[in-house]
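Note sheet for the following structure.
What follows draws every value from the coordinates through simple rules; no lab data is involved. These figures come from a predicted structure and were not determined experimentally. Note: ideal-geometry Cβ built from the backbone for every residue, glycine included; neighbour counts use all protein chains shown.
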Amino acid sequence: MAFTSYTYQVFLSFRGEDTRKNFTDHLYSTLSRAGIVTFRDDNSIQRGENIELEIEKAIQESQMSVVLPVFYDVDPSQVGEQTGNYAEAFAKHQDHFQDDMERVEKWKATLKEVAYLGGMVLQDRHESQFIGDIVEEVGKRLDSTVLLAPYIAWHR
């Protein structure tokens, strides 16, 4: 079997300042401590570089091409059915993108699809436990039990 070299094992995609410096940062750190080489845009893209091109390059250089939705303080059904905060947000997007409603409809369809992929939901548990579960799932998908051994010992 030929060995393929990847720059990253995981591409960590997130949006929003509300999670950038806490949840996302903790997830990134825990993945790194588990020995999982992870791309995160605010660490890996230098100022002045074309963000879109760099993100596309990072995705291509990542070993993992699996979408693992993480529902942080939101019920997946709200995302899929676009109710609650999501209904309000889409109403604003429709006002803002009146000339490009096709774009808004694509966002809605994509979120509906993602909501039913079967991701991981924070619900009423501790963030640290949730992050540990995410890292464990990523490790399983990477089939890298050797990489996770030190993390599992540290976590439990």
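Taking the Kirkwood radius as Rh and the Cα radius of gyration as Rg, the stretch 74-121 has a ratio of Rg/Rh equal to 1.01.
Roughly how many debye, to the nearest 20, is the charge dipole of the stretch 74-121 about its Cα centre, given +1 on each Lys and Arg Cβ, -1 on each Asp and Glu Cβ, and no other charges? Before the final figure, lay out the partial values.
Working: 5 positive and 9 negative charges, 26 e Å.
Here the stretch 74-121 has a charge dipole of around 120 debye.
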